[in-house]
Amino acid sequence: MSLQLLTDFSLFGYNTFGFDARARYAMHIGSADAAASLATDARIAGLPHFVFGGGSNLVLTRDFDGVALIVGIAGRRVVAEDRDAWLVEAGAGENWHEFVAWTLANGMPGLENLALIPGTVGATPIQNIGAYGLEMGERFERLHAVELATGARVVFDREACAFGYRDSFFKRDGRGRFIITSVVFRLPKAWTLRADYADVARALEGAASPNAQAIFDAVVAVRRAKLPDWKVLGNAGSFFKNPVVSVQTFDALKAREPGIVSYPQADGQVKLAAGWLIDRCGWRGRGIGGTAVHDRQALVLMNRGGATGEQVLELAEAVRRDVRERFGVELEIEPVCL
Ligand code: EPU
């Protein structure tokens, strides 16, 4: 039986900015078999397609004249266990935060620093989600995907994913070519505390020997305090990447702006806090029309209600221009724009 083809489909509930764009067609993909059947589905042959997870890293700038593929593949299970680790698999459509909570509840810690990140499991490898001292890539074992053009099933190991800072193969050469159907994580049995991030350390003050659940609770509290809830105020988390500059550029900036927030990188370059740069340009809490820069974290742009993707991009352009003029630093937009 072929999949149901929906027409003139509202994407309002499928992007955390809450933009009211429509897709010409949409299909719900509930299994890897369904994903594989798309390659031979004559109804959608030749049409552009876009894979939707939770839509939490997405800016819809207009209606989409193609097929929205909405991935709802469910399931979570331990697939293997050895002396050192559990291998845990989750369907691409599982909610990420609920999956993290489930691993903890079942005695398999390791993902707690990534609590409360919106979106689905299948989306996490695409931008290699990271927060509070951990990147998903560090806990990644492999992923299962279907190549859209051929319907072939493919397995990607960590090397094939080419993870970087908010980056992977799926944002580059692999863009638009695959549907991720499930992801397998390696959760080491020897748990190590990651609580160096200042906000998390502060939230843990007083805890004698924090366990994974304490980290989870601290991360949830920090995120709730700093980041707007997309269900109340549409947003896609950080709107820009933290820019990485050479040490020479950094030294020159530091001489002018002694308070600049920076993180030295392993390769000798220096990562700057884009939120600080934007804040310093006076953008925190300001906006244009129905859009705004968040008043507690300037890296987050918001839809205050009724804004369009184009308007958020206009705001982003104004912010980028000011940061460029004041600091000579180029900000790169982090979410995917469609
Ligand atoms: N800062 C300001 N003003 C602001 C915002 C930030 O001065 O308006 C300063 C903060 O005081 C701090 C520094 O900038 O010293 C960094 O801010 P924060 O700790 O909030 O982290 P971030 O670098 O802005 C990154 C990730 C977040 C992640 C946090 C925690 C990126 C693009 N963003 O933000 O990820 O949750 O660190 O690890 O790397 C996301 O990708 O969507 C996301 C939310």
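The values are calculated or read from the model by the stated rules, or taken from the named source; none is laboratory data. Being a predicted model, the structure only gives us computed values, none of them experimental. Glycine also receives a Cβ, built like all others from the backbone with ideal geometry; neighbour counts cover every protein chain displayed. The area values use the complete protein model at the heavy-atom level, side chains included, leaving out ligands, DNA and RNA. Shrake-Rupley method; radii C 1.70, N 1.55, O 1.52, S 1.80 Å.
Structure notes:
- Count of region 209-268 residues which are open to solvent by 50 Å² or more (accessible area, probe 1.4 Å) and among the hydrophobic types (A, V, I, L, M, F, W, C): 11
- Of the residues making up region 289-306, those that are more than 11 Å from the ligand (Cβ to nearest atom) and either of a type in the set (D, E, K, R) or on the phi > 0 side of the Ramachandran plot (or both) are 289, 304, 305, 306.
- Some residue of region 50-66 being farther than 24 Å from residue 303 by Cβ and outside any loop (DSSP other than H, G, I, E, B): no
Here is a yes/no grid of residues against (1) within 18 Å of residue 118 (Cα to Cα); (2) outside any strand (DSSP E or B); (3) modelled with pLDDT of 95 or more:
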site: 7; (1), (2), (3): no, no, yes
site: 23; (1), (2), (3): no, no, yes
site: 34; (1), (2), (3): no, yes, yes
site: 39; (1), (2), (3): no, yes, yes
site: 73; (1), (2), (3): yes, yes, yes
site: 86; (1), (2), (3): no, no, yes
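- Answer from 71, 59, 51 - the residue that is within 17 Å of residue 175 (Cα to Cα) and in contact with a Cys (Cβ under 7 Å, 6 or more places away or on another chain): 59
- Of all residues in region 188-208, those being touching a residue at least 40 places away in the same chain (Cβ under 8 Å) and either loosely packed, with under 15 Cβ neighbours inside 10 Å or in the same structural domain as residue 107 (by TED's automatic domain parsing) (or both) number 5.
- Top-ranked residue in region 109-121 [being more than 11 Å from the ligand (Cβ to nearest atom) and open to solvent by less than 10 Å² (accessible area, probe 1.4 Å); ranked as farthest from the chain's Cα centre (by Cα)]: 110
- When we screen 207, 236, 198 for residues that are small (Gly, Ala, Ser) and away from the ligand (no atom under 13 Å from the Cβ), the only hit is 207.
- Selection count, region 245-288, where residues are away from the ligand (no atom under 13 Å from the Cβ), free of Cβ contacts under 8 Å to residues at least 24 places away in the same chain and in a loop (DSSP other than H, G, I, E, B): 4
- Figure legend. Inter-residue proximity from region 292-321: first residues among the polar types (S, T, N, Q), second residues open to solvent by 50 Å² or more (accessible area, probe 1.4 Å) and not in a loop (DSSP other than H, G, I, E, B), beta-carbon distance below 7 Å, spacing 6+ or different chains. Indicated pairs: 297/226; 311/288.
- Residues in region 26-61 that are polar (S, T, N, Q) and within 13 Å of residue 15 (Cβ to Cβ) were compared, and the one that is surrounded by the most Cβ atoms within 10 Å (Cβ to Cβ) is 57.
- Going through (1) part of a loop (DSSP other than H, G, I, E, B); (2) more than 23 Å from residue 128 (Cβ to Cβ); (3) within 20 Å of the chain's Cα centre (by Cα) one by one, residue 331 falls short only on (2).
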